[in-house]
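In what follows, a single structure is set out as structure tokens and then discussed.
Readers should treat all values here as calculations from the given coordinates under stated rules, not as data from a laboratory. Just so we're clear, the structure is a prediction, and the values are computed from it rather than from any experiment. Ideal geometry is used to build each Cβ from the backbone, glycine not excepted, and the neighbour counts take in all protein chains shown.
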Amino acid sequence: MRALAARYILEMTVFVCGAVVMIYEIIGSRIVSPFIGTSVYVWTSLIGVILASLSLGYWLGGSAADRRPDVKILASVIFLAAGLISVTILIKDIVLTAVASMPAGLEIRSLVASLFLFAPASVALGFVAPYAVKLKTVSLADSGKTVGRLYALSTVGSIVGTFAAGFFLIPFVGSVRTLYLIAASLFLLSLLLAPFALTRITVAAITMFFFGIAGSEASVFLMWRANEMFDLDTEYSRVQVFRTRDSKTGRPMRALSIDPFSVQSAIYLDGEDLALRYTRFYHLIRYFRPGFQRSLMIGGAGYTFPRDYLRAYPDATIDVVELDPGMTDIAKEHFGLTDQTRLTVLHEDGRIFLNRAGDSTYDAVLMDAFGSLFSVPYHLTTVEAVRNVSRVLDDNGVVIFNLGSAIRGPSSGFLQAELATYRSVFPEAQVFKVNPDYSDERVQNLIIVACKTQCPATKADDAVTAELLAHRYASDIPMEKPTLTDDLAPVEFYNSFGQNLYQR
């Protein structure tokens with residue numbers, strides 16, 4: 001067995017390192033998301049920086065192999081890669097906190113974060129394949145076969161690593177603890193290649209690894225002690241659940257966040273009324289669609305409004321389409337969600353559900369999928385999606401949803417484009433400011449209500465609804481952006497202005 005392992009040790013090496021590269025890249029998005037989000041800019045920076053780093057590693061590995069082909073050098077570089085991943089574990093929060101506060105655009109911040117945290121180890125991992133090829137090549141006669149075999153194994157390893165990260169490691173092990181795992185795997189692999197004596201460098205690398213684990217686990221414990229924070233990985237998001245207080249009333253709350261600057265769901269711990277102001281605007285359903293019986297909500301998160309809906313409207317039902325089953329589990333564990341006969345939960349993409357839902361199925365569609373500036377599902381913003389929203393509504397149906405945007409200025413692109421998109425399908429769409437005291441140039445929570453017929457113009461019968469209606473934005477809104485389509489929906493570009501303004 002040992003002889004067989006020794007014979008194929010280089011093949012195993014390129015396979016493992018190929019897997020580690022892809023795991024490291026995918027995990028990278030989860031590491032940075034609590035600080036700078038998960039927008040297309042973050043993914044672009046991660047992929048670009050890691051590819052550039054691998055390219056540099058390929059060049060260095062090939063050059064070094066021609067000068068001095070020695071398995072001990074390969075083992076040392078893999079050991080170095082493990083040490084550099086350990087550095088990532090140790091300094092990630094410090095670096096990302098500093099990067100998040102930089103007075104620069106999201107594009108620059110995501111690029112800087114990727115360079116500091118993920119480039120060094122990626123260079124070392126890129127070194128492996130060309131160096132292993134040199135060690136494995138016996139003669140020029142079989143060099144092509146050797147190169148092809150080793151690079152094929154590296155690619156297969158990358159494929160295995162990709163599926164392992166997405167389907168197993170992230171949802172069941174967690175992003176940070178996966179870094180522990182891949183660093184430890186590289187340490188062991190280097191020792192299998194060539195056991196070597198302990199030196200100051202090797203001791204420092206191993207010490208860094210253990211300090212990184214200790215620091216990371218201590219941080220988790222201290223955050224839990226301070227505000228009962230749970231840092232959770234689901235199949236789709238890195239979610240933080242924590243205890244806090246309402247900034248205006250001081251009431252204790254439990255909140256859920258998937259981005260660095262905003263809260264997507266919250267409940268009061270001393271009462272059942274809605275904690276986040278924007279969620280109260282979904283109750284405009286009773287004004288814009290009186291007599292409703294069946295509603296659809298796209299985006300569950302903490303399920304705070306569906307719970308309130310069931311309390312407020314005992315004769316109505318609601319279907320909630322939530323992409324992430326992990327969110328539903330979190331809502332049950334931390335936000336008081338229980339199974340009820342009038343609540344149907346469907347775990348699938350909202351656009352896919354809309355595509356296949358029957359005509360005139362619902363009285364109202366409520367959307368809470370645009371609550372973060374950093375991860376807007378663009379395919380729910382387009383005119384094709386809006387046509388499906390209109391199709392599933394009955395003749396008097398209404399759609400109510402929130403989005404983060406400014407009304408005027410450079411950060412208003414998303415509102416302008418989405419409003420133009422809805423007005424191209426619905427005869428009327430109104431805008432409500434959740435916080436009427438905010439200036440129009442400020443990025444804020446806005447509510448759009450679109451009616452399949454003309455929206456009613458009568459007065460509300462109750463004071464609560466009348467107060468919500470008083471937030472209607474009566475002034476003209478600039479309409480300088482085109483409608484969004486499946487072919488062209490630059491939502492991330494529009495929101496990048498809002499992110500930069502919000503961060504400042």
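For this structure, a couple of remarks:
- Dipole of the stretch 159-258, positive direction: furthest Cα of Gly215, Thr244, Thr178, with charges on the beta-carbon: Thr244
- From least to most packed, judged by other beta carbons within 10 angstrom and beginning with the fewest, Val49, Val399 follow the order Val49, Val399.
- Its Cα centre serving as origin, the stretch 276-503 has a Cβ charge dipole (Lys and Arg +1, Asp and Glu -1) of approximately 420 debye.
- C-alpha long axis of helix 40-67 to longest principal axis of the chain, angle in °: 10 degrees
- DSSP bridge analysis restricted to the chain gives an antiparallel fraction near 60%, rounded to the nearest 5.
- Qualifying GluC sites (Glu not before Pro) for the stretch 302-360 [loop in DSSP, other Cβ within 10 Å: at most 14]: Glu348
- 0 to 90° range, to nearest 10: angle between helix 325-334 axis and the chain longest Cα axis: 70 degrees
- Summarising the amide proton neighbourhood of Ala357: residues at separation of 5 or more, or on other chains, whose placed amide H is nearer than 5 Å comprise an empty set.
- Directionally averaged shadow of the stretch 357-424, computed from the convex hull of its alpha-carbon atoms, nm²: 4.7 nm²
- For the chain: span of alpha carbons on each principal axis (Å, largest first): 86, 48, 45
- Residue order, fewest to most beta carbons within 10 Å, for Cys17, Cys455: Cys455, Cys17
- Sorted by Cβ density within 10 Å, fewest first, the residues Ile298, Ile159, Ile73: Ile159, Ile73, Ile298
- Scanning residues 5 or more positions from Glu428 or on other chains, those with amide H under 5 Å from its amide H are Cys451, with H placed 1.01 Å from N in the peptide plane.
- Remark: the chain carries a charge dipole of roughly 1560 debye about the Cα centre, counting +1 on each Lys and Arg Cβ and -1 on each Asp and Glu Cβ.
- Pairs of alpha carbons in the stretch 8-127 whose separation is greater than 24 Å (percent): 29 percent
- Averaging the Cα positions of each part gives two centres, and for the stretch 155-176 and the stretch 245-294 these lie 35 Å apart.
- Rounded to the nearest Hz, the phi-derived 3J(HN,Hα) couplings of the stretch 164-181 under the Karplus curve 6.51 cos²θ - 1.76 cosθ + 1.60 (θ = phi - 60°) are 5, 5, x, 9, 10, 5, 5, x, 10, 9, x, 5, 5, 5, 5, 4, 4, 5, where x marks glycine and proline.
- The Cys residues in the chain with no partner Cys Cβ within less than 4.7 Å of their Cβ are Cys17.
- Residues whose amide H falls under 5 Å from that of Arg245, counting only those 5 or more places apart or on a different chain, are Met253, with hydrogens built in the peptide plane.
- Selected from Ala152, Gln454, Leu415, residue furthest toward positive end of dipole (the chain; charges at beta carbon): Ala152
- Whole-Hz ³J(HN,Hα) from phi, Karplus 6.51 cos²θ - 1.76 cosθ + 1.60, for the stretch 277-288, glycine and proline x: 4, 5, 5, 5, 6, 5, 6, 5, 3, 6, 8, 7
- Equivalent-ellipsoid semi-axes for the stretch 208-360 (Cα gyration tensor, √(5λ), whole Å, largest first): 32, 20, 12.
- Selection from Leu276, Leu90, Thr304 lying farthest towards where the dipole of the chain points positive, charges on Cβ: Leu90
- If you take the Cα centroid of the stretch 183-230 and the Cα centroid of the stretch 459-474, the two points sit 57 Å apart.
- The count of lysine pairs in the chain with alpha-carbon distances below 29 Å, taking only pairs 8 or more places apart or on different chains, stands at 11.
- Relative to its Kirkwood radius, the Cα radius of gyration of the stretch 276-503 gives an Rg/Rh of 0.94.
- 3J(HN,Hα) along the stretch 418-432, derived from phi through the Karplus expression 6.51 cos²θ - 1.76 cosθ + 1.60 where θ = phi - 60°, amounts to 6, 5, 4, 5, 5, 6, 7, 10, 9, x, 8, 9, 10, 10, 10 Hz, with x in place of Gly and Pro.
- Over the stretch 2-222, the pair-distance histogram of Cα-Cα distances with 5 Å bins from zero comes to 1, 7, 14, 19, 20, 16, 11, 6, 3, 1, 0, 0, 0 percent, rounded to whole numbers.
- On Cα atoms only, tilt of 9-36 relative to the major axis of the chain in degrees: 30 degrees
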